[in-house]
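Below is one structure, written out as structure tokens; the observations come after it.
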Amino acid sequence: MTHSINRVCVIGSGVMGGAIAAHFANAGIPAYLLDIVPNKLTPEEEKKGLTLQAPVVRNRIVNAGLDAVKKARPAALFAPQIAERITVGNLEDHFDFVAQSDWIIEVIVENLKIKQSLMARIDAVRKPDSIITTNTSGIPIADICAGRSESFQQHFLGTHFFNPPRYLKLLEVIPSPKTAPDVLKFVMEFGETVLGKGVVLCKDRPNFIANRIGTHMGISALKYTLANGYPFSEVDDFTGPVIGRPKTASYRLLDLVGIDVMYHVAKNLYEAVPEDESREDLKEPGLLDELVKRNWLGNKSKQGFYKEVRVGDKREYHVLDPKTMDYKAPEKVHYDSITNAEFYDTLGEKLRYIVSQNDRAAQFIWDTTARSLAYASNRVPEIADEIYAVDNAMKWGFANEAGPFETWDLLGVAETVARMEKDGLRVAAWVKEMLKTGHPSFYKDGMYYDLKAKDYRPLPKSKNIIVLKNQKVITSNDSASLIDLGDGVACLEFHTKMNALDEGIVEVATAAMEQVDKNFVGMVIGNQGEAFSAGANVVTIFMAAEQKEWDKIDEIAKALQNFLMAVRYSARPTVTAPYGYTFGGGCEVAMAGQRMVAHAESYVGLVEVGMGLIPAGGGCKEMLRRVVSPAMQTPNTDPLPFLQRVFETVGLGKVATSAEEAKQMGFLAPSDRIVMNRDQLIAEAKRTVLEMVAEGYRPPARGKIIYAAGERMLAALRVALYSMVQGKYASEHDAVVGGKLSYILCGGNLTSPAWVDEQYILDLEREAFISLCGEEKTRERISHFLNTGKILRN
């Protein structure tokens with residue numbers, strides 16, 4: 001990278017501006033957040049006798065923006081204290097913040113004259129090498145920087161983040177005609193590596209890529225819904241995960257995004273593309289206009305396509321009836337095409353089955369999908385030269401499983417083109433030429449169809465991404481594989497459902513330790529599925545408990561403990577690479593390595609208490625080692641605050657909502673790394689292994705390293721448990737589970753504090769786990785979870 005970003009300045013503290021500042025702060029980059037000065041006092045300010053010159057008044061707008069960031073749900077910040085990295089100011093008193101910044105990001109009202117006026121002010125004070133970008137999605141990039149200095153224009157481009165920027169991967173980058181190549185390259189690399197984004201290069205066309213295709217998809221689907229009398233809730237039932245879309249589906253998504261946002265984006269796009277052959281598909285049918293007039297904007301106004309209502313003591317979501325503009329309870333409609341599609345494993349199989357059927361769900365999915373595919377084909381090369389840019393934008397911007405051209409491949413290009421043209425849809429000429437010249441699909445063996453070359457070309461590869469499915473497998477079974485990552489580093493990969501730990505994983509893991517010791521310099525434990533690991537497969541535990549097979553449960557727990565202790569004390573360094581759900585046994589695996597390289601969006605917790613159990617793979621032992629033992633190295637330290645912290649973390653099943661929060665809770669060590677881009681996680685973990693080898697890694701020494709507080713602290717924890725039960729904060733069975741946990745954390749029947757070895761605590765864990773498996777209420781909890789997917793508090 002040729003530039004250095006030590007501080008950014010975000011101008012505009014609305015929903016998007018505040019969230020962008022928060023995301024830079026999450027990445028460790030201090031941010032200035034600026035907004036305009038109010039021109040009128042509020043009634044509350046008048047009552048206090050304030051004037052327009054008062055600092056609290058002059059910063060009122062930006063302070064409200066920062067407050068919204070702090071209160072945002074889902075959270076915009078990885079942890080509350082990260083807000084300290086954001087400094088607020090206004091555009092009159094603090095414009096010198098712009099001059100101090102390495103990257104200035106404009107996120108103000110979509111008005112060309114106002115944007116140009118701001119750019120002139122920035123041009124006058126900016127550092128010569130600072131980068132200036134706009135988050136616009138509707139105004140041409142070239143127009144915004146028109147008339148500015150040569151240096152300004154060379155350092156100016158569009159950076160279109162998707163909301164919320166913490167969670168949506170897409171960053172569209174749009175160069176101006178004069179953007180310097182090195183600036184463009186730097187911003188794209190920085191976006192990918194430092195901000196963790198999926199970066200897509202776009203042309204300077206209205207709404208760029210994702211919103212251009214997404215707006216057409218949303219508005220044309222809305223028109224189809226209304227014209228054919230589909231209830232909105234019914235459409236949401238069959239346009240979610242079954243067809244590769246998020247659970248928010250169609251209309252829950254619009255409520256989430258904001259109906260006013262969709263309305264204005266669609267209106268602006270319609271006016272901006274008079275040459276679009278499908279322009280009338282973009283014309284909003286009037287319903288969004290009516291909803292905006294009523295201020296029914298979706299989640300932000302508590303009603304839109306859905307409205308939360310109370311029915312007795314229950315909360316329900318009623319759906320809008322567009323004919324009456326009233327809300328009513330949604331009706332569940334059954335469609336064979338959707339029910340039967342769930343029996344197929346892959347998205348391609350599901351889609352091909354659905355579009356071959358003729359019920360109303362299948363017809364909706366075919367008609368709207370076909371129209372969207374045809375539209376996407378006609379936008380290339382207008383909005384992007386490469387089809388993979390369109391696919392990536394739709395996947396990363398809308399969390400779709402497949403982009404339009406990938407979806408087309410799944411359906412079969414030749415077959416669907418014939419059906420689409422029969423339906424009167426216009427498929428781009430280049431697609432038909434592609435088929436005629438012997439290219440049956442858009443993608444093939446790691447290559448994509450290039451329109452200019454009229455042939456397949458290799459897909460671009462990032463230097464820092466390892467795709468596990470493309471690596472050599474050393475040994476495997478149905479649950480796990482040992483993979484060669486090259487350079488002497490192996491990778492233990494799980495591939496069960498949600499990567500739940502089972503006997504098959506432990507089997508391969510045990511063999512892996514021998515292989516690594518003989519043939520490798522180190523190992524990564526990581527995978528690339530839906531979750532790092534959602535915990536142990538409780539089905540096996542439940543069945544054994546029902547049959548009273550206590551020895552089998554002991555064997556299962558001991559096998560996991562032995563594997564994780566082997567990892568901890570291996571002569572070869574092991575780096576774990578958690579991401580997403582890292583629960584229960586998955587958390588124990590993550591903590592077993594000598595180092596952790598975690599994705600920023602890692603949700604980590606020892607959640608066994610929800611099942612009426614306690615961690616039995618070393619989770620209690622690790623929390624004592626990480627939180628209590630270091631504190632007790634200082635003479636005369638009171639262990640109770642540290643024990644209480646561990647007890648609350650484990651006993652309440654607390655889950656960290658980010659890797660940063662997991663570090664604060666003790667799941668990650670201070671030396672563990674956090675990576676923003678999940679695609680780079682395995683490569684970064686591998687690099688960490690090699691660095692440890694180069695530094696002369698030696699395994700930790702065994703010994704009595706766990707502080708066990710003894711019976712006095714055990715009594716204190718039992719008093720706290722009793723108070724929780726008496727106050728109705730915990731059930732009687734919660735107290736049973738909590739009592740077992742307290743016993744472990746304090747070292748069992750020790751009459752006085754002592755330092756003990758790890759195996760001592762591991763044995764206590766296993767004993768308590770088996771004992772709880774014998775409790776009827778624990779088995780009720782497990783059974784309830786297996787049947788409903790929900791936690792039972794009994």
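The values are calculated or read from the model by the stated rules, or taken from the named source; none is laboratory data. Since this is a predicted model, take the numbers as computed values, not measurements. Glycine gets a Cβ as well: all are built from the backbone with ideal geometry, and neighbour counts include every protein chain shown. All accessible areas refer to the heavy atoms of the entire protein, side chains included, with ligands and DNA or RNA removed. Shrake-Rupley method; radii C 1.70, N 1.55, O 1.52, S 1.80 Å.
Taken one residue at a time, the phi angles of the stretch 100-116 give Karplus couplings (6.51, -1.76, 1.60, θ = phi - 60°) of 8, 9, 8, 9, 10, 10, 8, 9, 9, 4, 7, 9, 4, 5, 5, 5, 5 Hz. Gly and Pro are set to x. The HN-Hα couplings worked out from phi for the stretch 278-291 by the Karplus form 6.51 cos²θ - 1.76 cosθ + 1.60 (θ = phi - 60°) are 10, 4, 5, 5, 8, 7, 4, x, x, 5, 5, 4, 5, 5 Hz, whole numbers, x standing for Gly and Pro. Based on the alpha-carbon gyration tensor of the stretch 187-277 and its eigenvalue square roots a ≥ b ≥ c, which shape applies: rounded if a/c is under 1.5, prolate if not and a/b is larger than b/c, or oblate? It comes out oblate by the Cα gyration axes.
If I take every Cα pair under 8 Å that is 6 or more residues apart in the chain, average their sequence separation and divide by the length, what percent do I get for the relative contact order?
Dividing the mean separation by the residue count of the chain yields 8 percent.
If I compute solvent accessible area with a 1.4 Å probe over the protein chains, what percent of it on the stretch 123-242 is carbon and sulfur? Could you put the intermediate results ahead of the total?
Working: 2020 of 3610 Å².
Using a 1.4 Å probe with all protein chains present, the stretch 123-242 comes out at 56 percent carbon and sulfur.
Electrostatic tally near ALA685: other residues with Cβ closer than 13 Å to its Cβ, Lys and Arg +1, Asp and Glu -1, net -1. Each part reduced to its alpha carbon centroid, the stretch 1-65 and the stretch 145-176 end up 20 Å apart. Solvent-accessible area per residue in the chain equals 44 Å², computed with a 1.4 angstrom probe and all protein chains kept. Taking a Cβ cut-off of under 11 Å around ARG371, the surrounding Lys, Arg, Asp and Glu residues balance to a net charge of -1, with basic ones at +1 and acidic ones at -1.
Averaging the sequence gap over all C-alpha pairs within less than 8 Å and six or more residues apart, then dividing by the number of residues, gives the stretch 1-156 a relative contact order of 26 percent. Rounded, prolate or oblate: pick one for the stretch 288-339, where a ≥ b ≥ c are the square roots of the eigenvalues of its C-alpha gyration tensor, a/c under 1.5 means rounded, and failing that, prolate if a/b is larger than b/c, else oblate. Note, shape of the stretch 288-339 comes out oblate.
Quick one: of LYS113/LYS323; LYS552/LYS777; LYS350/LYS454; LYS203/LYS432; LYS314/LYS728, which pairs are farther than 32 Å apart, Cα to Cα?
Checking Cα-Cα distances, LYS113/LYS323 exceed 32 Å.
Eigenvalues of the alpha-carbon gyration tensor of the chain, scaled by 5 and square-rooted, set the equivalent ellipsoid semi-axes at 46, 33, 29 angstrom, largest first.
Of the residues VAL538, VAL257, VAL628, ranked by 1.4 Å probe accessible area with the largest first, the sequence reads VAL257, VAL538, VAL628. In a simple Cβ point-charge model (Lys, Arg +1; Asp, Glu -1; nothing else charged), the stretch 25-168 has a dipole of about 380 debye relative to its Cα centre. Rounded to the nearest 20 debye, the dipole magnitude of the chain is 1220 debye, with +1 charges on Lys and Arg beta carbons, -1 on Asp and Glu beta carbons, and the Cα centre as origin. DSSP assigns beta bridges within the chain; of those with both partners inside it, close to 45 percent run antiparallel. In the stretch 437-575, a dipole from Cβ-located charges (positive for Lys and Arg, negative for Asp and Glu) runs towards its positive end, and of GLN528, ASN499, MET447 it is MET447 whose Cα lies farthest in that direction. Max-minus-min Cα coordinates of the stretch 79-171 on each principal axis give 41, 29, 23 Å, with the largest extent listed first. Compared with the dominant principal axis of the Cα atoms in the chain, helix 259-272 is inclined by about 40°.
When the square roots of the Cα gyration tensor eigenvalues are ordered a ≥ b ≥ c, the ratio a/c for the stretch 674-781 is 1.5 or more and a/b exceeds b/c, which makes its shape prolate. Each residue, GLU290 and GLN363, gets one label point 7 Å from its Cα in the Cβ direction; the gap between the two is 2.3 nm. Counting only protein heavy atoms and using a 1.4 Å probe, the accessible area of THR42 comes to about 40 Å². The protection proxy used here, the mean number of other Cβ atoms lying within 10 Å of each residue, ranks peptides 217-227, 122-132 as follows, highest first: 217-227, 122-132. Taking amide H positions as modeled 1.01 Å from N, with prolines and chain starts lacking one, the residues under 5 Å from MET447 and 5 or more places away or on another chain are LEU459.
Within the stretch 512-626, what whole-number % of the accessible surface is contributed by carbon and sulfur, with the 1.4 Å probe and all protein chains included in the calculation?
C and S atoms contribute 49 percent here.
The alpha carbon centroids of the stretch 587-632 and the stretch 455-521 are separated by 23 Å. A probe of 1.4 angstrom, applied to the heavy atoms of all protein chains, finds THR540 with accessible area near 40 square angstrom. Taking all protein chains together and rolling a 1.4 Å probe, TRP550 ends up with roughly 80 Å² accessible. Among TRP103, TRP755, the sequence by solvent-accessible area, most first, with a 1.4 Å probe is TRP755, TRP103. Candidate cross-link partners of LYS654 among the aspartates and glutamates, defined by an alpha-carbon separation under 13 Å and a same-chain spacing of 8 or more, comprise GLU608. When the helices of the chain are scored as -39500 (n - 2.57) per DSSP H run of n ≥ 4 and the total is divided over every residue, the value at 222 nm lands at -13000 deg cm²/dmol. Here the stretch 378-479 is assigned +1 on the Cβ of each Lys and Arg and -1 on the Cβ of each Asp and Glu. Its dipole about the Cα centre then comes out at about 240 debye. May I ask you to derive the relative contact order of the stretch 138-297, considering only C-alpha pairs under 8 Å and at least 6 residues apart, and to give it as an integer percent? Once normalised by length, the contact order is 18 percent. As a fraction of the 1.4 Å probe accessible area of the stretch 274-367, surface on carbon and sulfur atoms comes out at 46 percent.
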